[in-house]
Every structure is written in C-alpha cells, then in structure tokens.
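The structure appears right after this line, and notes come after that.
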Amino acid sequence: MQLFWGASCKKEHDTCGHPLVDVPVVGALAAPQGYVATRVLDGLVRPTMLAFDDRGRLFILEGSPYGDGKSVRVFRAADRVELSRVTIATSGESTGILAMPDGGGLFVASRGRVDFHREFPDGSGFASGDAGEAVVTGLPNGWHTNNNLRQGPDGRVYFGIGATCDVCTESDPLSATIVRFDPNAARPVAPEVFARGLRNVYDLTFTDAGDLIATDNGPECCEPSAECLGDAPDRVVVVREGAHYGWPYLQQASGVPANVTVSPWIANTPKHVGITGIVEYQGSQLCRDRGNLFATYWGTEHAESETGRQVVRIRLLRDGGAIAGATLEPFLGQSGLGHPIAVAVGPDGALYVLDYQGFLVRVASVDANGNEVPDLCE
C-alpha cells in the first residue's frame, strides 16, 4: 500500500494507476453496542496526524500533501476551541507530530526531516511565523518518507522511515527502518537505527508495559517481477531492538540472505487496507478496552477493490507477559467515515479518530440507556 502520495508516483499521486480521490462519506457513524461515536470537529484541511499533551491540548497536523498551507492547529481538548496555530513551512507532506510534556515544544515530521517548534516560556503558545529548528535532516525519501513520532520510555524519540520504492535494494541504510534520537542532544541530530526491514511504518505506539508496536504497509507489486513477486498484506509488528522484519527480501525471488534473520510479527491485515494510526488504550472511559490497541485503516484507492476505511480493535495475546500474537476485529465500519488516518486517547478517556477528509470523531462508552459513562474504570 502506498499512502496518499510519493515522489516516485505520477503527478496525480496514484497507486498502481488508480488516482487518489475522496470517497463519499455516507451513513451515520455506527459504533458497537455499549459505545457511541460522534463527529465533534469539522472543517479540517487534509489532516494527517493528531496528538494530545499533558496540558489538555489537542494538536492536529493539517495541510496540502504538496506542502502548501500546512499548519499544526492547537485546540483546547475539552471543547475543541482553537488556541493557536503553528505554521509549517517545509516542502513536501508532513505526517508526524510529537507534543513534548510540560510545554516542552513540538516536533513535526515532514518529508526527509524533523523540525522543532518552541513554546513561549509563559505557556501562551507558539511564536507566529516561527519556521522551526532543524533537528534531523537529509532523511531518505521517495515512494515513502518519515512519519509519526513517539517518545519512548527511555526518553528518546522514535519514528519510522519508509522505503523509497515499492520493493528494491536500498542504498541508504536508514531506509525502511525505525530510528530514534535523543531530543536533548545538540542539533542537528544523527538518528540511530533501532530496527530494519519495515517497508512503511506510518505510526507506532508504546504500550503501558513498554513494548513498541508499529503499523507497516506491505508492497503493492503493481507489475510483478523477480524484484517484486507479489503484493503482501499490511502488518502489525512488535518491534525489537536490532531485529529485521524481512523487507525487501520476502518479496524478492532471490530470497532472504544467509546473514539476515527475519523476526516474526504478530498480525497481518487484509491486503490493501492501508493500516495507518495505532494507539494502546489506557484511559478510564472505555474500561473494557484497557490494554487493547486501536488502529485505523486508510483504505485503498483501487476502485475495483474497495477495502479498509475503518477502525479495528487489536487484542494482544500474551504468553507469560510477552506478546505472542494478536487478533484484529472490526470496531468502526465504513459508515460515516472517509479515510480514517490516525487515532489517539484524549484526556477525557475517549478515543479520537482523525479522518483525512476533514473531521474528527470521538468514541465513548454508554450505558444501557445510551448515556455516556464517565470514568468507567474508576
């Protein structure tokens, strides 16, 4: 699955010859029994990521995939009143944000780079027109690029760097990896590779137990050849330091080199669903979901095989505390959604789903009478 755009695509940003188009958002949002899904914010422009911080703020990254008019809009999470806006001046698409704790500023991931935006010391927001400070530059990019950022239990910042192609032998050792860097190090920073063999990690999350779990998009193989034998599903990966997860070798006729050991992953998705955002639920509102993961399926642009465009629940299977596998099950279907792209847990304990077609959805628990149940786990 190639997500949305890429330097190696045709100018209309297609996937296997199928142009990217908005899909009709039809029907009402339909949540499972015991939940309610509500559209709570509209009018967003091509949003690609969201995040909450420890000051009760909601950050939404939006803007043209071509790099014009991009910004991070900062809202008060409780009522979605806009507080400020951070202009993103870099070229290319921007797909990742990380709001540091205690008003420690904002990292933004854009094609080939990561930049940092400082807050005013008095906590009143961000400087207007601040272009940001370059933190990481010169990252490989092409068919895919670097995506969302997360801070790990070790304090370092982790993010995925997608492959520059569908399936090929890369020349840059940073391609198709997850990397990390120290946010307090002198800048610019040279990130270190944490794991390899991941074609296109759009998002990752750290569980409460400290496990790193990532979403990885499988190859399209639009024209099968010895270089790319066939398309593959997307997957959910528990990422271990130093591990290799098989790209590009698993799709190449030459196979896996003798010096590479391919580590297993925990789940495959159906083909072409375009798995994007992921988060572990550790809030107090969706009590029955404590410890479950939620992930978004962007969907496909293939007109003849419409798949994805939904939110799934991921139940982790553990063996003696270690993650041994996972089961994926539908949570929000296509009704009322366009292209869901990211997911996060709000300070109110609700689950928030960002849709690339310009809106935000809030999911909460309700009782038998349909009334929202606050602090269900307390």
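The values are calculated or read from the model by the stated rules, or taken from the named source; none is laboratory data. Computed from a predicted model, the values in this text were never measured in an experiment. Cβ sites come from the backbone with ideal geometry, for glycine too, and all protein chains shown count toward neighbours.
On the basis of being among the small types (Gly, Ala, Ser), in contact with an Asp or Glu (Cβ under 7 Å, 6 or more places away or on another chain) and farther than 25 Å from residue 355 by Cβ, does residue 195 make the cut?
Here the answer is yes, as residue 195 does meet what is asked.
Give just the number: which of (1) in a loop (DSSP other than H, G, I, E, B); (2) in contact with a Phe, Trp or Tyr (Cβ under 9 Å, 6 or more places away or on another chain) does residue 271 not satisfy? Answer for residue 271: the failing condition is (2).
Applying the selection to the range 94-132, what residues are touching a residue at least 24 places away in the same chain (Cβ under 8 Å), at positive phi and surrounded by fewer than 22 Cβ atoms within 10 Å (Cβ to Cβ)? Within the range 94-132, 102, 103, 112, 123, 125, 129 qualify.
If you check 301, 306 for being in contact with a strand residue (DSSP E or B) (Cβ under 9 Å, 6 or more places away or on another chain), acidic (Asp, Glu) and modelled with pLDDT under 95, only one passes: 301. Restricting 377, 287 to those that are surrounded by fewer than 19 Cβ atoms within 10 Å (Cβ to Cβ), touching a strand residue (DSSP E or B) at 6+ places or on another chain (Cβ under 9 Å) and at pLDDT below 95 reduces the list to 287.
From the list 46, 80, the one residue that fits, being touching a strand residue (DSSP E or B) at 6+ places or on another chain (Cβ under 9 Å), modelled with pLDDT of 95 or more and at positive phi, is 80.
A residue that is touching a Pro at 6+ places or on another chain (Cβ under 8 Å), farther than 26 Å from residue 372 by Cα and in contact (Cβ under 8 Å) with a residue 24 or more places away in the chain occurs somewhere in the range 34-47. Within the range 251-265, the set of residues being surrounded by fewer than 18 Cβ atoms within 10 Å (Cβ to Cβ), part of a loop (DSSP other than H, G, I, E, B) and among the hydrophobic types (A, V, I, L, M, F, W, C) comprises 253, 256, 258, 260. Restricting the first member to the range 136-157 and to residues that are within 13 Å of residue 98 (Cα to Cα), and the second to residues that are among the hydroxyl-bearing types (Ser, Thr, Tyr), the beta-carbon pairs closer than 6 Å and six or more apart or on different chains are 147/95; 147/202; 150/158; 152/158. Considering (1) touching a helix residue (DSSP H, G or I) at 6+ places or on another chain (Cβ under 7 Å); (2) buried (at least 18 other Cβ atoms within 10 Å of the Cβ); (3) free of Cβ contacts under 8 Å to residues at least 60 places away in the same chain, the lone condition that residue 281 does not fulfil carries the number (3). Within the range 224-250, residues that are in a helix (DSSP H, G or I) have Cβ atoms under 6 Å from residues that are not basic (Lys, Arg) in these pairs: 249/256, counting only partners at least 6 apart in sequence or on another chain.
Just one of the listed residues (183, 219) is in a loop (DSSP other than H, G, I, E, B), under 20 Å from residue 146 (Cα atoms) and in contact (Cβ under 8 Å) with a residue 60 or more places away in the chain, namely 183.
Given the options 232, 253, 267, 258, name the one that is in contact with a helix residue (DSSP H, G or I) (Cβ under 8 Å, 6 or more places away or on another chain) and not charged (D, E, K, R).
The match here is 232.
Based on this model, can you work out whether residue 276 counts as among the β-branched types (Val, Ile, Thr) and over 12 Å from residue 314 (Cβ atoms)? Considered against the rule, which asks whether it is among the β-branched types (Val, Ile, Thr) and over 12 Å from residue 314 (Cβ atoms), residue 276 comes out as yes.
In this structure, is residue 173 surrounded by fewer than 21 Cβ atoms within 10 Å (Cβ to Cβ), out of contact with any Phe, Trp or Tyr (no Cβ under 7 Å at 6 or more places or on another chain) and free of Cβ contacts under 8 Å to residues at least 24 places away in the same chain? Answer is yes for this residue. Of all the criteria given as (1) more than 21 Å from the chain's Cα centre (by Cα); (2) at pLDDT below 95; (3) surrounded by 14 or more Cβ atoms within 10 Å (Cβ to Cβ), the one not satisfied by residue 274 is (1).
Across the range 325-377, the number of residues qualifying as touching a Cys at 6+ places or on another chain (Cβ under 8 Å), assigned to a strand (DSSP E or B) and not polar (S, T, N, Q) comes to 0.
Answer with yes or no whether residue 206 is buried (at least 22 other Cβ atoms within 10 Å of the Cβ), under 29 Å from residue 280 (Cβ atoms), among the aromatic types (Phe, Trp, Tyr) and modelled with pLDDT of 95 or more. It is false that residue 206 is buried (at least 22 other Cβ atoms within 10 Å of the Cβ), under 29 Å from residue 280 (Cβ atoms), among the aromatic types (Phe, Trp, Tyr) and modelled with pLDDT of 95 or more. With respect to the conditions (1) among the small types (Gly, Ala, Ser); (2) touching a strand residue (DSSP E or B) at 6+ places or on another chain (Cβ under 7 Å); (3) surrounded by fewer than 23 Cβ atoms within 10 Å (Cβ to Cβ); (4) under 23 Å from residue 195 (Cβ atoms), residue 338 lacks only one, and its number is (4).
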